[in-house]
Amino acid sequence: MSRNIIVVDDDIQTSQLLQTMLEVLGCNSIVFNRAVEFLTHSLNEEDIVLLDLVMPEIDGIEVLRTLAEQKCRSRIILLSGYDDSVLHSAETLALAHDLRVVACLSKPIHMHALQRVLMSGTRLSGEEFQSDVSIVPLFTKEQLESAVLNHQIELHYQPQIDLSDGSLIGVEALARWNHPEFGLLMPAQFIGLAEESDLIIVLTAEIVRLALDQCQVWNNLGFRPRMSVNISADYITSLAVPEQLSEMLSNKAMSGMNLMLEVTESNLMGELLTSLDTLTRLRMRGFGLSIDDFGTGYSSLSQLHRVPFSELKIDQSFVQSMERDGDSYAIVKTCIRLGHELGMEVVAEGVEDEAVLSMLSELQCDIAQGYLFAKPMPAPELYEWSYAGRGEDLVRECCPA
Ligand code: C2E
Ligand code: MG
Ligand code: MG
């Protein structure tokens, strides 16, 4: 059975661009600019459908409904020019219909993102791209590996503010690649690449090491914020991790209490069973465990209850829109209650304005993080920032006691 990638998009320019990208990637593609025509095409299980959500005549949601009636088994990647919440609700709907939605892509679509979802979401192996064109991926695994070895990976730190008094309760370490040619690269440009191979384990170990070194420098100055580090599921599932981390901490005379490990909801649930063992052992050793980007994955409540998380981080998409969108407000409110009922501290990330900060405080959210307080910054700036009192000022203004 040969595999086709089927593009369904009314926009001629987008579909041509996608077709060119797929050609570069060495994939066979078929384009439909009208959904009615696509629905008469017979799909096989190996096919992958790239489906635009917003089309005239029949929109993507109706197409999904029809595909569900046809018991379609092809994998589906949703495309949309709208914001992520539209994509997300369409994805939820499709999964409720038992369709195999493997990824969502926001427009404009970039080559690297397309390749990444085709590889990870549909398990297309590298060899299935018969491409010898060197522009993809943007970086190779070898380049990233040597960047790690040459200490080009750096951490920036973003403050997390205690909403009871505006004090700095912790910082989140966010990876940056200080590339000699391209300057400072953001995680979106390299974490995905690392996650496609074992390199993520080496990279995560390096990031943890950098974060702990920084904790030690700060501790010596009498500055002891809790350190949150993003951990990929592949790292967590390696069974030796609790011992390794404990050893790294005891070498620095620190305890697990100083370290919060953030795992994203979607990343984790695929690996839940294997990771449950490690996660439980990490909690037993006193490490904090945080469920990141909560609300964007599909964890059921029972799964959430089984994993011993100590912190819940509400995804920034809900936080950012909670002031103007009643549904987002309801989700944030429910997440805060849920987190508290399950004995977790709740962090809202992506706090960008004062009105949202007031609402979060009213809803008794514990911790806030976002550009309103500060963007992620290098360690020396963060240390200076901690003395400027911005967190206290904002909380005094926006959060009536
Ligand atoms: P995350 O862990 O959810 O991190 C929060 C992201 O939101 C950061 O982007 C941060 O700069 C951004 N952010 C914080 N406040 C605001 C705000 O008020 N408004 C807006 N628009 N954005 C805000 P960043 O640094 O680009 O990181 C993106 C993602 O990359 C992270 O999401 C995390 O999933 C991943 N990542 C970052 N560092 C690492 C790492 O060391 N290891 C792993 N495995 N993943 C990492
Ligand atoms: Mg995080
Ligand atoms: Mg997050």
Checklist outcome for this item: If you go through Leu144, Leu118, the only one that is away from ligand 3 (no atom under 16 Å from the Cβ), at pLDDT below 85 and surrounded by 18 or more Cβ atoms within 10 Å (Cβ to Cβ) is Leu118
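Here is a list: Phe309, Phe318. Which entry is in contact with a Gly (Cβ under 8 Å, 6 or more places away or on another chain) and either open to solvent by less than 10 Å² (accessible area, probe 1.4 Å) or modelled with pLDDT of 90 or more (or both)? Before the answer, list the steps.
Working: Phe309 fails: in contact with a Gly (Cβ under 8 Å, 6 or more places away or on another chain).
Checking each option against the conditions leaves just Phe318.
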Checklist entry - Only one residue in Leu17, Leu43, Leu22 is open to solvent by 30 Å² or more (accessible area, probe 1.4 Å), farther than 16 Å from Arg100 by Cα, at pLDDT 85 or above and not basic (Lys, Arg), so which one is that? => result Leu17
Next on the checklist: Looking only at region 333-363, count every residue that is under 22 Å from Asn230 (Cα atoms), away from ligand 2 (no atom under 16 Å from the Cβ) and touching a Gly at 6+ places or on another chain (Cβ under 9 Å) and tell me the total.
Outcome noted: 1
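Step by step: first the residues of region 91-110, then only those that are assigned to a helix (DSSP H, G or I) and either at pLDDT below 80 or open to solvent by 40 Å² or more (accessible area, probe 1.4 Å) (or both), then the one that is nearest to Asp10 (Cα to Cα). Which residue is that?
Here the residue is Glu91.
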Item to check | Close pairs (7 angstrom Cβ cut-off, 6 or more residues apart or separate chains): under 11 Å from Met119 (Cα atoms) in region 189-205, in a helix (DSSP H, G or I) and away from ligand 1 (no atom under 11 Å from the Cβ) anywhere | outcome: Gly192/Arg116; Leu193/Lys141; Leu193/Leu144; Glu196/Met119; Glu196/Ser120
Checklist entry - Applying the selection to region 339-369, what residues are within 14 Å of ligand 3 (Cβ to nearest atom), small (Gly, Ala, Ser) and either open to solvent by 30 Å² or more (accessible area, probe 1.4 Å) or in contact (Cβ under 8 Å) with a residue 60 or more places away in the chain (or both)? => result Ala368
Next on the checklist: Give me the strands (runs of 3 or more DSSP E) completely within region 303-382, filtered to those with at least 2 residues that are away from ligand 1 (no atom under 11 Å from the Cβ), ordered by residue number.
Outcome noted: 311-314, 345-349
Next on the checklist: Looking at region 62-85, can you tell me whether even one residue there is open to solvent by 30 Å² or more (accessible area, probe 1.4 Å) and among the hydrophobic types (A, V, I, L, M, F, W, C)?
Outcome noted: no
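The values are calculated or read from the model by the stated rules, or taken from the named source; none is laboratory data. Everything quoted here is computed from the prediction, not taken from an experiment. All Cβ positions, glycine included, derive from the backbone under ideal geometry; neighbour counts span all protein chains shown. We work out accessible area using only protein heavy atoms, side chains counted, and drop any ligands, DNA or RNA first. Shrake-Rupley method; radii C 1.70, N 1.55, O 1.52, S 1.80 Å.
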